[in-house]
Amino acid sequence: MPMRAQFGFGGQQKEVKNMHCSKKFADVNYADDGQVYHTMDIYLPEKKAKKYPVVIHIYGSAWFNNNGKGNADLGTVCSALLNAGYAVVCPNHRSSGDAHWPAQIHDIKAVARYLRGNAGKYGLDSDFIAVSGFSSGGHLASLMGATSGTEAAVVADYKIDLEGNIGNYSDRSSSVDAVVSWSGPIDVEAMDCGGRPNGIKGSPEEALVGKPFSDETCGQYASISSPYYANAGDPPLLGFHGTADKVVPYCQAESWAKKYKASGATFEFVTVEGGGHGFNMYSEENLKRMIEFLNNQRKQK
């Protein structure tokens, strides 16, 4: 079994209990259905403001975890965002065991719609909502960007609904203004460094799709990769990837960067020498670069 399938796409992290925030709204249900996998935590910065720009940050888990919001890089990415004046939203989403693709992107889009529908209640600036994620969370973040404004698509012969109908705010936009990916499997088709379809059997993406790879299902597998949707109108993406990543190989990061460039999409690709999957990635320099990227997008908007 390939290492990526054995260990998944999500790094294990300890829960951080003392984040520097002024207020936490815990277990907010964005789908109004009482399900734990449709809850999120909203953190507001200590710095006072009339309303806060928002970053949705998604945990990594190889899409296997439906309740990981308490371990969503709280002491690194989320703390840096809060210190920079951003409200941070950490949502749960359905796992591949709860529902198959595209349920996971439907959930995150519902989060964005809910935040716009309740911005006043939580003191949020609905004019700037960005999305970030680690590992499989980075995958979902990249898809939020690449499919912003796209409700449905056809990939090969597979018709995919990219918006879904989760929650009560279908009249609100699910588009995002910027994307940050940390070690994300953005080009899932390049996970085996050119060896597809070898290695798919038993992999996290097979669990996500729910069907074995075949000529009949190749469109479904392709539909989980962001490069199929990337275009010049996408919100800018900042992607960090380590050269020593043994779970989501560096080759797929090079692959998505090449495909994004060909599509005309705006992106920055940061190679982290010696960076692994969840370690040696969150340096002060990289966290600062993330904040500068988001601040620049806000200024441009």
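So if each residue of separation counts as 0.36 nm, and I subtract the Cα-Cα distance between Ala262 and Lys201, what length gain in nm does that give?
Roughly 19.0 nm would be gained on extension.
Which one, Ala99, Ser79, Ser61, projects farthest toward the positive side of the charge dipole computed for segment 54-126 from Cβ point charges (K/R +1, D/E -1)?
Among Ala99, Ser79, Ser61, the one farthest towards the positive end of the dipole of segment 54-126 is Ala99.
With the cut-off at 1.5 for a/c, could you classify segment 133-199 from its C-alpha gyration tensor as rounded, prolate or oblate?
Verdict is oblate for segment 133-199.
Determine the relative contact order of the chain: mean sequence separation of Cα pairs under 8 Å and six or more apart, normalised by residue count, in whole percent.
Numbers: 685 pairs, mean separation 55.1, N = 301.
Relative contact order comes out at 18 percent.
Would you look at the GNM of the chain, springs on alpha carbons closer than 10 Å, and say which of Ser95, Ser183, Ser170 moves the most?
Ser170
Which whole-angstrom value gives the distance between the alpha carbon centres of segment 38-64 and segment 81-159?
11
Going by how many other beta carbons lie within 10 Å of each one, how would you line up Asp245, Asp161, Asp73, Asp215, fewest first?
By the 10 Å Cβ count, ascending, the order reads Asp215, Asp161, Asp245, Asp73.
Restricting attention to segment 106-213, which trypsin sites (Lys or Arg not before Pro) occupy a DSSP loop and are surrounded by at most 15 other Cβ atoms within 10 Å?
Here the sparse-neighbourhood loop sites are Lys201.
Please get the size of the charge dipole for the chain, origin at its Cα centre, with Cβ charges of +1 on Lys and Arg and -1 on Asp and Glu, quoted in debye to the nearest 20.
900
Connecting C-alpha atoms closer than 10 Å in a GNM of the chain, tell me which of His93, His20, His106 has the biggest fluctuation.
Among His93, His20, His106, the largest mean-square fluctuation in the Gaussian network model of the chain belongs to His20.
If the elastic network links every pair of Cα atoms under 10 Å, which of Val188, Val155, Val247 fluctuates the most in the Gaussian network model of the chain?
Val155
Calculate one ³J(HN,Hα) per residue across segment 231-236 by plugging θ = phi - 60° into the Karplus curve 6.51 cos²θ - 1.76 cosθ + 1.60, and present them in order as whole Hz with x for glycine and proline.
Here the 3J(HN,Hα) series is 7, 5, x, 5, x, x Hz.
Let me know the shape class of segment 152-301, please: from the alpha-carbon gyration tensor, a ≥ b ≥ c as square roots of the eigenvalues, rounded when a/c is under 1.5, otherwise prolate if a/b is greater than b/c, or oblate.
Because a/c hits 1.5 or more and a/b fails to exceed b/c, segment 152-301 counts as oblate.
Counting only residues 5 or more places away or on other chains, whose amide H sits under 5 Å from the amide H of Val272 once H atoms are built in the peptide plane?
Residues meeting the criterion, in which the H sits 1.01 Å from N, are His241, Gly242, Thr243.
Scan (i) 25.2; (ii) 14.8; (iii) 13.8 for the value of mean projected area of the Cα convex hull in nm² calculated from this model and give just the label.
Only one listed value fits the structure, namely (iii).
Nearest 20 debye, what's the magnitude of the dipole of segment 94-237 about its Cα centre given +1 on Lys and Arg Cβ and -1 on Asp and Glu Cβ?
Dipole of segment 94-237, to the nearest 20 debye: 340 debye.
Relative contact order for segment 147-301: what is it in percent, counting Cα pairs under 8 Å that are at least 6 residues apart?
Rounded, it is 25 percent for segment 147-301.
Any idea what the relative contact order of segment 75-140 is, in percent, if you count C-alpha pairs under 8 Å spaced at least 6 apart?
The normalised contact order for segment 75-140 reaches 21 percent.
According to a simple spin-label model (label point 7 Å from Cα along Cα-to-Cβ), what is the distance in nm between Asn83 and Glu254?
3.4
Considering only DSSP beta bridges where both residues belong to the chain, give the percentage that are antiparallel (nearest 5).
Within the chain, antiparallel bridges account for around 40 percent of the total.
May I ask you to order 133-139, 35-41, 48-54 by the average number of other C-beta atoms within 10 Å around their residues, highest value first? Write out the running numbers ahead of the final one.
Working: 133-139: 30.6, 35-41: 19.4, 48-54: 17.0.
Packing proxy ranking, top to bottom: 133-139, 35-41, 48-54.
Between rounded, prolate and oblate, where does segment 92-217 land on the alpha carbon gyration tensor, with a ≥ b ≥ c its root eigenvalues, rounded for a/c under 1.5, else prolate if a/b exceeds b/c?
Since a/c reaches 1.5 and a/b is larger than b/c, the shape of segment 92-217 is classed as prolate.
Considering the options Asn168, Gln220, Ala152, tell which one lies farthest towards the positive end of the dipole of segment 151-229, charges being +1 on Lys and Arg and -1 on Asp and Glu at the Cβ, about the Cα centre.
Farthest towards the positive end: Gln220.
Given points 7 Å out from each Cα along the Cα-Cβ axis, report the Ala156 to Gln300 separation in nanometres with one decimal.
Reported label-point gap for Ala156 and Gln300 is 3.3 nm.
Any idea how far apart Asn67 and Thr243 come out in nm if each label point goes 7 Å out from Cα toward Cβ?
Calculated label separation equals 4.2 nm.
Under the Karplus relation 6.51 cos²θ - 1.76 cosθ + 1.60, θ = phi - 60°, what is the ordered set of whole-Hz ³J(HN,Hα) values for segment 98-113, x standing for Gly and Pro?
Calculated HN-Hα couplings, in order: 7, 7, 7, 3, x, 3, 5, 6, 4, 5, 5, 5, 5, 4, 4, 5 Hz.
Among Arg298, Arg94, what is the fewest-to-most ranking by other Cβ atoms within 10 Å?
Placing the least packed residue first, the sequence is Arg298, Arg94.
Which FRET efficiency value, to the nearest 0.05, do you get for Asp171 and Lys51 by plugging their Cβ-Cβ distance into 1/(1 + (r/R0)^6) with R0 = 22 Å?
So the FRET efficiency works out to roughly 0.60.
Once fully extended, how much extra length lies between Ala26 and Arg289, figured as 0.36 nm per residue of separation less the alpha-carbon to alpha-carbon distance?
Extra length from Ala26 to Arg289 when fully extended: 91.8 nm.
None of the figures in this text is laboratory data; all of them are computed from the coordinates on show. All figures in this text were calculated on a predicted structure; none of them were measured in a lab. Here the Cβ is made from the backbone with ideal geometry for all residues, glycine too, and neighbour counts use every protein chain on show.
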